[in-house]
Amino acid sequence: MGKFRAVVTLAAVLAVVSGCTAPAETAVDDSTPSATVTPAPTTPIGPEAVELSIEEAATRYLSITCDKNAAVGALADGFTLWENAYAGGTEPDLDEVTGTAAFAFESTYNTVLLFDESAFIWPESARPHIVALRDAHLAEAASYDALANSSSYDEARAVTFPDAATGAEAAEEARLALGIADTSCEGFEGSQILLLAEKAERDDALAP
């Protein structure tokens, strides 16, 4: 049971410190807004990188991390159900377990690709924290990959995760540097896919 608790704890930490939580089914309280949300700058097609303002960087940060946090949250919620079933003597559907983990892996790895984007320059105050968070996500992705490739539920339960403390601290510092005071992801659903499409368009345009 200890490995399962590690998954849930990691998901809960990341959902908070990366700057967003999944939007609630009920009305959203806008009394404590995040940093002013401005449209993300159009992906540049050319050699010159765009220096992001604080407001633009805050929007891009949430656009990158919110879908990832939702995917990790779905995995954590799934493990709660699977563990309850397992404790009652029912073997969870392995395809459901590995499929949910594969989605978490893909979304987490995509955060790494987008943090690595050379088309945008993060504000200097946030840059080292973005790099640290990127590295933490890369290490975390390896655990989701192991979950996704598990051959049994017992094997999935045995997967370990890296210490979340470094990534949590980096995410908190990045949010502070970007003025993100709210953890709501309302309005950022699906943003990661849009950023990936823009990146692919830019990469194709610049390909030799």
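The values are calculated or read from the model by the stated rules, or taken from the named source; none is laboratory data. Small disclaimer: the values here were computed from a predicted structure and weren't measured. Here the Cβ positions follow ideal geometry from the backbone for every residue, glycine too, while neighbour counts run over all protein chains shown.
Within the range 160-185, being crowded, with 18+ Cβ neighbours inside 10 Å and more than 23 Å from Glu124 (Cα to Cα) holds for Phe161, Ala164, Ser184, Cys185. Of all residue pairs spaced 6 or more apart or on separate chains, those with beta-carbon atoms under 8 Å, a first member in the range 122-137 that is crowded, with 18+ Cβ neighbours inside 10 Å and part of a helix (DSSP H, G or I) and a second member that is of a type in the set (S, T, N, Q) and at pLDDT below 95 are Leu133/Ser18; Ala136/Thr166. Regarding the range 34-50, can at least one residue be identified that is modelled with pLDDT under 95 and acidic (Asp, Glu)? Yes, there is a match, as at least one residue in the range 34-50 is modelled with pLDDT under 95 and acidic (Asp, Glu). Looking across the range 82-102 at every residue that is aliphatic (A, V, I, L, M) and surrounded by 11 or more Cβ atoms within 10 Å (Cβ to Cβ), the one that is farthest from the chain's Cα centre (by Cα) is identified as Ala85. Is it true that some residue in the range 14-22 is modelled with pLDDT under 95, among the aliphatic types (A, V, I, L, M), closer than 19 Å to Ala146 by Cβ and surrounded by 15 or more Cβ atoms within 10 Å (Cβ to Cβ)? Yes, the range 14-22 contains a residue that is modelled with pLDDT under 95, among the aliphatic types (A, V, I, L, M), closer than 19 Å to Ala146 by Cβ and surrounded by 15 or more Cβ atoms within 10 Å (Cβ to Cβ).
If a residue must be among the acidic types (Asp, Glu) and surrounded by 24 or more Cβ atoms within 10 Å (Cβ to Cβ), how many such residues does the range 138-147 contain?
Counting residues in the range 138-147 that are among the acidic types (Asp, Glu) and surrounded by 24 or more Cβ atoms within 10 Å (Cβ to Cβ) gives 1.
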